Structure formats: structure tokens, C-alpha cells
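One structure below.
The values are calculated or read from the model by the stated rules, or taken from the named source; none is laboratory data. This structure is a prediction, so every number in the text was calculated from the model and none was measured. In this analysis, Cβ positions are derived from the backbone assuming ideal geometry, glycine residues included, and neighbour counts consider all displayed protein chains.
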Amino acid sequence: MQKRLNDPRVGFFAEDYTVYSDDQQKVENSDFIVRWRLEPKKEDIEKWKKGELVEPAKPIVYYIDPATPKKWRPYLIKGINDWQAAFEKAGFKNAIIGKEWPEDDSTMSLEDARFSVLRYFASDIPNAYGPNVHDPRSGEIIESHIGWYHNVMSLVHDWYFVQTAATDADARKMKFDDDLMGNLIRFVSSHEVGHTIGLRHNMGSSSKTPVEKLRDKVWVEANGHTASIMDYARFNYVAQPEDNVGKSGLFPRIGDYDKWAIEWGYGFGADKEEDDKKQRNKLYNERIAANPRVWFGTYEYGNIYDPRTQSEDLGDNAMKASEYGIKNLKRIVEKLPEWTKEEADRFSNLSQMYNQAVGQFNRYIGHVTRNIGGYYETPKSVEQEGNVFEVVPRSMQKEAVAFLNKQLFETPSWMIDGKILDNISSPNADQLGNIQDNTLGSLLSVSRMTRLSISANRFKGSYTIDEFVNDLKNGIWSELTSKKKIDGYRRSLQKSYVERMVILLNGSNNSISISFGSGSSMIGPDPKKSDIVSVVKAHLNALKTEINAATILIPDNMSRYHLLDMSDRIKKALDPK
């Protein structure tokens with residue numbers, strides 16, 4: 001089969017091998033995508049080339065494992081057949097088909113490599129997977145045995161509950177109706193089938209949807225909350241109850257990107273590899289200019305610092321999306337005792353769903369944090385305008401710090417609900433404190449501070465270390481100006497802040513590795529030779545002065561004890577002798 005050369009701007013799995021020839025002046029690499037051998041019948045080739053829809057000579061067929069519970073089989077088949085619309089963009093109708101396994105046919109075996117099967121596993125593993133077996137010479141996919149575990153249903157239940165229960169009454173229970181669970185299984189089926197036809201995760205797809213469109217009932221129900229089923233976008237947690245968005249605006253589906261990727265990978269091309277590469281390149285450049293929603297991006301194979309390519313996130317602004325998400329979480333947490341109640345349950349349901357809510361809140365915090373010290377990487381060909389690398393705008397990084405100061409570092413009392421915690425958690429557990437401490441540690445890390453320092457030197461108008469530290473301090477130490485009582489969570493947070501800054505002050509004797517995307521990396525400067533230590537030292541000196549001035553005006557003893565301790569720790573760090 002003719003290879004189709006890989007393009008990192010379209011998310012296909014790829015194979016490669018090293019090429020040597022007598023005419024070379026350097027060793028070359030042949031990098032090509034993995035795809036099924038989907039071809040028209042001989043009598044339909046000219047029709048296909050003219051853009052007419054034709055049936056393939058050999059369609060892609062997936063059989064449903066007969067061990068699968070009968071009520072879920074139709075949904076799995078729908079998940080497979082949902083890809084038919086995508087293959088039509090490549091010129092093929094009925095190109096992919098889901099079928100029941102012919103149980104009465106003794107000539108067929110589930111283990112036979114001639115048949116692709118969606119296998120069912122009676123297992124408590126909450127997962128599913130979609131592999132393929134392909135020819136390493138051409139990338140031709142030969143067969144696939146998809147696996148889905150029985151307990152993946154618990155996973156999609158919990159996601160749907162904590163992300164949509166504020167807007168969908170059907171999500172407010174511990175056991176969903178069969179049709180809702182069936183459609184959740186259908187979404188999993190479509191995603192895993194996508195992998196088996198060659199597609200990687202497109203974690204960046206959701207970033208091309210403006211946040212406010214996620215609340216627009218007409219728009220989101222027509223277009224979906226993400227342009228790709230291959231994203232980890234899960235469900236629309238941004239939509240608010242008053243938006244009245246229906247399930248079609250909450251669920252993922254085969255979207256613009258998926259249809260484009262199949263068109264690019266399976267559509268008619270040139271006869272020679274290099275000619276085909278140029279043709280595909282031109283087609284990509286035209287399509288991305290016309291429809292930004294076909295963009296592909298993922299942290300899995302490149303830049304882990306690009307905030308557009310995260311998993312589990314939505315929209316083009318993590319701060320706005322997460323604020324809406326937290327509004328919904330507050331509504332859900334308040335109702336958890338009611339919505340999780342089942343006769344004779346000993347609060348296990350409540351514990352399960354509260355922990356899921358905490359995990360969802362932590363995801364929102366992570367989505368925002370990625371913006372600080374982040375940079376965009378947009379692979380391009382030389383024909384495209386604009387730069388490949390850009391720093392996250394200063395205004396957006398400041399917005400991210402302001403969000404964290406308000407939503408996380410100001411004690412989120414809605415998470416400390418006695419009606420819940422007093423029934424599920426011992427006083428030793430402190431999930432909120434752990435999230436605060438872990439986030440602060442991530443913010444005040446050598447890696448992030450180094451990225452901020454390098455970006456400020458390279459990109460004009462970038463967010464600087466000095467500005468970042470001051471913005472963070474003004475939020476975490478706001479009591480120094482308000483003279484309000486410092487609660488227990490805030491005291492712990494401020495102690496952690498000082499300890500993290502002291503670690504930065506002491507620096508590291510070793511250089512650190514800084515990634516610049518696409519698998520490349522370089523050795524960054526020794527932190528002791530950068531501006532980090534200088535900024536931290538000046539900042540701690542100023543903070544100590546502010547603490548000393550505020551101590552006598554703070555209204556309660558515990559707050560004063562705390563501030564005296566902090567002043568002493570900073571003094572010893574600055575002058576250890």
C-alpha cells in the first residue's frame with residue numbers, strides 16, 4: 001500500500017524507518033501515518049477521484065463480542081457507525097460498520113486476526129482501550145481488538161455526574177437510566193474506534209471553542225462543545241442551569257476535526273509520496289485558514305507547557321471556563337447528600353461523589369496554572385504566516401494568578417461542608433490544604449520561574465518573575481493590608497509560601513532541563529546564575545518589613561503568633577549566620 005507521509009499538524013499515529021541510498025548526502029527518515037487500506041472498487045475509482053461518494057472495496061468491520069451485555073450492544077454499534085459521516089468526507093459511504101457477532105457460525109473465531117472485534121471484559125478496571133496491528137512498511141492497519149472493561153461505566157457515571165448534574169437532572173442519581181448510560185458507552189466506543197482507525201488524542205481541539213459559545217444553547221447543540229471526539233473534553237461543565245442546554249450540547253461527538261482528519265488521511269491523493277505530501281500540505285493550509293476548529297494539538301507528543309493542549313479542559317480561556325465550572329460544582333456539592341442518598345447506604349455514595357467533586361475542582365486549578373510560564377507551539381509549514389513559538393500573553397498570565405488568588409488561595413469555604421465531611425472524613429484528612437500546597441509548590445518551582453525568566457528575555461512585554469511574585473504575594477498575604485484575622489488554611493498557606501521562597505533563595509547547584517516542544521530540550525541556566533535568586537531575596541526582604549508592620553495591628557493572638565514566626569523564619573533565611 002502507498003504510504004501517506006506524516007504531518008504533525010494532523011493527529012495520526014505514525015510509523016517510521018531510516019532510509020539509506022547511494023544518492024543521499026545525509027541519512028533520511030521515512031515517517032508515515034497508520035491507516036486502513038480503504039480503496040474504491042476498480043469500477044468506481046474515477047467516480048471517487050471526481051468527488052462522488054463510493055463504497056469501498058473492503059469496508060472496515062468491527063464485531064461486537066457476544067459476551068457483551070445485550071442492552072449495551074446497540075450503543076456500541078452506534079459508536080462505531082458514527083464514524084461513517086467522517087469517512088464520507090474522504091469520499092466513502094458505508095466505510096465502517098459495526099455488527100453483532102454471528103454466534104451460530106462455527107467457522108469464525110474471536111481470536112482470528114482476520115476479524116476486528118470490540119471485546120468485553122468482566123473486570124473492575126475503569127477503562128477502555130483502542131489498539132491496532134499494522135504493517136511497519138506502509139502503515140497499513142491489519143486488524144484491531146478494542147477492549148472495554150465493564151467498570152468503565154463507573155468512570156463515565158462519575159464524570160457525567162460532577163460535570164453536568166447542575167444542568168441535567170438525569171445526572172443526579174447513583175444509577176443512571178439505561179439510555180443515558182448507553183449513550184455514555186456510545187461515546188467511549190466512538191473514541192476508542194477513533195484510535196483504531198489511526199487517530200491520536202487531540203487535546204487542543206476544545207481550545208478552539210470560545211467559552212461563551214459553550215453557554216449558547218443553539219450554537220453548542222449544533223456544533224458540540226469540542227470539535228473532536230478524540231479530545232479529553234468529556235462533558236460541557238461550562239453551561240449554566242439558566243442556559244437550558246440539552247444533552248446534545250453536553251456530550252462529545254464526531255466533530256469538525258475528526259471529519260477533517262479522516263478526509264486528510266483517507267481521501268484521494270497524488271500517486272507519488274512527495275507529490276502527495278505537497279498536496280496534503282496545501283490542503284491543510286487552506287483548511288486551517290478557513291476553519292480554525294480543525295486544529296490539532298496535544299501535550300502527549302510535544303510541548304507540555306502549552307495551555308491550549310490540556311486534557312479534561314474546555315474553551316479558549318481556562319480562567320473563564322473554570323469559573324463557570326466552579327459555580328456548577330458549588331451547586332452540586334450543596335446537593336450531594338440528597339442526590340447520593342440510597343436506602344441503607346453508609347455514606348459510601350456521598351464519599352465517592354464528594355471525592356470526585358474535589359478531583360474536578362483540582363482539574364480546574366491545574367488548567368489555570370498551566371497558563372503561568374506557558375508558551376504556545378503551533379507547528380507550521382513555511383507557507384503559513386506567524387511564528388511557531390509564542391509566549392502566553394502577559395494579560396492572560398495575570399488573569400490566571402488572579403483566579404488562583406480568588407478561587408483557591410482565598411479559603412474556598414464551600415468545599416468545607418460539615419454535612420458532608422463529618423460523615424465521610426476523619427479530622428486527619430485535608431484535601432483542600434493539599435491542593436493549595438501542591439499548587440503553590442508548582443507555581444514557585446524552579447522550572448516555572450526559569451521559563452518566566454527566559455521568556456522575559458526573549459519576548460517583549462512578557463510576564464516577569466518580579467511581577468508574578470508580587471501578584472501572588474498580594475493575594476496570599478492580603479491580610480497584611482486588610483488587617484483581618486488569618487484563618488487556619490491561610491496560615492498554613494502562608495507558611496508554605498515562605499518555605500517555597502526559601503528553597504528558591506537557596507537555589508540549586510544543578511542546571512535544569514527545559515523542554516521547548518516537539519521532543520527537543522536544552523539545559524537551562526543554573527538558577528543561582530539567573531534573576532530568580534535576586535528577585536526572591538528582594539521580595540523576602542520587603543515581605544518581612546510588611547509583616548513586621550502589620551503584626552501589631554492584627555486582631556487575634558493566633559494570627560500574631562503566626563506572623564512573628566514568619567518574620568523570624570524569613571530573617572534566618574536571609575541571614576543564616
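Would you tally the residues in the range 110-132 being in contact (Cβ under 8 Å) with a residue 12 or more places away in the chain and either farther than 14 Å from Ile64 by Cα or not hydrophobic (A, V, I, L, M, F, W, C) (or both)? Walk me through it before giving the result.
Our first condition is that a residue be in contact (Cβ under 8 Å) with a residue 12 or more places away in the chain; within the range 110-132, this holds for 110, 113-132.
Within this subset, residues satisfying the condition of being either farther than 14 Å from Ile64 by Cα or not hydrophobic (A, V, I, L, M, F, W, C) (or both) are 113-114, 116, 119-120, 122-132.
Count: 16.
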All but one of (1) at pLDDT below 95; (2) under 30 Å from Thr18 (Cβ atoms); (3) among the basic types (Lys, Arg) hold for Arg114; which doesn't? (2)
Which one of the conditions (1) among the hydrophobic types (A, V, I, L, M, F, W, C); (2) surrounded by fewer than 18 Cβ atoms within 10 Å (Cβ to Cβ); (3) within 17 Å of the chain's Cα centre (by Cα) does Ala233 fail to meet, given that it meets all the rest? (2)
From the list Ile372, Ile365, exactly one residue is at pLDDT 95 or above, under 17 Å from the mean Cα position of the chain (by Cα), hydrophobic (A, V, I, L, M, F, W, C) and assigned to a loop (DSSP other than H, G, I, E, B). Which is it? Ile372
Can you find a residue that is surrounded by 15 or more Cβ atoms within 10 Å (Cβ to Cβ), assigned to a helix (DSSP H, G or I), touching a strand residue (DSSP E or B) at 6+ places or on another chain (Cβ under 9 Å) and of a type in the set (D, E, K, R) anywhere in the range 451-459? yes
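On the given criteria, is Trp83 touching a residue at least 60 places away in the same chain (Cβ under 8 Å), aromatic (Phe, Trp, Tyr) and out of contact with any Cys (no Cβ under 9 Å at 6 or more places or on another chain)? Steps first, answer last, please.
Details: touching a residue at least 60 places away in the same chain (Cβ under 8 Å): yes; aromatic (Phe, Trp, Tyr): yes; out of contact with any Cys (no Cβ under 9 Å at 6 or more places or on another chain): yes.
So Trp83 passes the test.
Residues checked against (1) in the same structural domain as Asn405 (by TED's automatic domain parsing); (2) among the aliphatic types (A, V, I, L, M); (3) touching a residue at least 40 places away in the same chain (Cβ under 8 Å):
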site: Ile416; (1), (2), (3): yes, yes, no
site: Thr439; (1), (2), (3): yes, no, yes
site: Ser442; (1), (2), (3): yes, no, yes
site: Asn457; (1), (2), (3): yes, no, no
site: Tyr463; (1), (2), (3): yes, no, yes
site: Val469; (1), (2), (3): yes, yes, yes
Of everything in the range 34-74, what is touching a helix residue (DSSP H, G or I) at 6+ places or on another chain (Cβ under 6 Å) and within 19 Å of Glu140 (Cβ to Cβ)? Give them in sequence order. Arg35, Leu38, Pro40, Tyr62
Going by the conditions given, is Arg448 surrounded by 15 or more Cβ atoms within 10 Å (Cβ to Cβ), assigned by TED's automatic domain parsing to the domain that holds Leu543, among the basic types (Lys, Arg) and more than 25 Å from Ile554 (Cβ to Cβ)? yes
Kindly evaluate Gln431 against the criterion of being within 17 Å of Lys330 (Cβ to Cβ) and at pLDDT below 95. yes
Out of all the residues in the range 318-339, is one or more touching a residue at least 40 places away in the same chain (Cβ under 8 Å), outside any helix (DSSP H, G or I) and not assigned by TED's automatic domain parsing to the domain that holds Gln240? no
Enumerate the pairs (first residue in the range 341-370 and under 24 Å from Gln407 (Cβ atoms); second residue anywhere and charged (D, E, K, R) and part of a helix (DSSP H, G or I)) with beta-carbon separation below 6 Å, excluding pairs fewer than 6 apart on the same chain, so at least 6 apart or on different chains. Gln356/Asp158
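Which residue, of Glu111, Glu88, is charged (D, E, K, R), surrounded by fewer than 15 Cβ atoms within 10 Å (Cβ to Cβ) and more than 18 Å from Ile185 (Cβ to Cβ)?
Working: Glu88 fails: surrounded by fewer than 15 Cβ atoms within 10 Å (Cβ to Cβ).
Answer to the check: Glu111.
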